[in-house]
1. When a footprinting reagent is the concern and you count Cβ atoms within 10 Å, what order do 10, 145, 178, 120 take, fewest first?
2. Neighbour counts of other C-beta atoms within 10 Å: give me 182, 46 arranged from fewest to most.
3. Rg to Rh ratio, segment 100-240, alpha-carbon atoms and Kirkwood radius?
4. What order do you get for 113, 150, 136 when you list them from fewest to most C-beta neighbours inside 10 Å?
5. What's the local net charge at residue 186, with K and R +1, D and E -1, over the other residues with C-beta under 15 Å away?
6. Quick one: Cα centre-to-centre distance for segment 117-186 and segment 200-234, in angstrom?
7. Once every Cα of the chain carries one equal point scatterer and solvent is ignored, give the base-10 log of I(q)/I(0) from the Debye formula at q = 0.10, 0.14 Å⁻¹, two decimals.
8. Would you tally the net charge around residue 177, using a Cβ to Cβ cut-off of less than 15 Å, leaving residue 177 out, and scoring K and R as +1, D and E as -1?
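What follows is calculated from the coordinates using simple rules that are stated; it is not laboratory data. Only a predicted model underlies this, so the values are computations on that prediction, with no experimental measurement involved. Note: ideal-geometry Cβ built from the backbone for every residue, glycine included; neighbour counts use all protein chains shown.
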Amino acid sequence: ESINIPTERTSDVILSLDKIEKIGIDGVRKDVLERGITEEMADTICNTVLSCLKLSINDFKDAFNTPLIADGVNELQQLQQYLIALGINENAIFNPFLARGLTMYTGTVYEIFLKDDSITSSIGSGGRYDNIIGAFRGDNMSYPTVGISFGLDVIYTALSQKETILSTADVFIIPLGTELQCLQIAQQLRSTTSLKVELELAGRKLKRALNYANKENIPYVLIIGEEELSTETVMLRNMK
């Protein structure tokens, strides 16, 4: 939109850009030309791509001043806050050219790779698709939805190379309106202790969350609300 690509060609260009890591910028230029883009527009696309390679998430809002870009940047910045709270932001790489299911996804999309690069294929991918439930229901309404799918064959191959140990959580954290802070607490416990920590993120009320912990034989529950945060305490419940 910001570089005046014709609407009917937008999907073609996005699909070409998605292949940039495999075919390079020259390959992208060749691909968009084969899709019917003019040489002048192809040059504009390639120059824009080269400038984008140096941009962070925050830079995009200034570089491409459109409402659509602004909405996308705001969504990514919010996601980044949660990744920082979890302490895994350094493992997330912003890729402005990643494209998936253009007719289905309505927001952020992502792919998951192993950190050790032992397998180069992604082990999972997904994104936000607010229109898919309405499409199945036939009411064309928007329902906030995020999903992910995993490649079982790839995961099996990765696990077959490692020794796996099945175990339950040692601690279950139940936030009472304090999800963001509990994300940080959970991550701190994981990184500074040997405890296996699970966090309640399914939206269950306190009683149901406690029942879940009991069913899963999790020995300890931490209940953390605003009062606990203000007094720097936690409510500890022994489930044994």
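1. The order, fewest Cβ neighbours first, is 120, 10, 145, 178.
2. 46, 182
3. When Rh is taken as the Kirkwood radius, the ratio is 1.04.
4. With the fewest neighbours first, 113, 150, 136 line up as 136, 150, 113.
5. -3
6. Measuring centre to centre over Cα atoms gives 21 Å.
7. -0.68, -1.14
8. Summing Lys and Arg as +1 and Asp and Glu as -1 gives -3.
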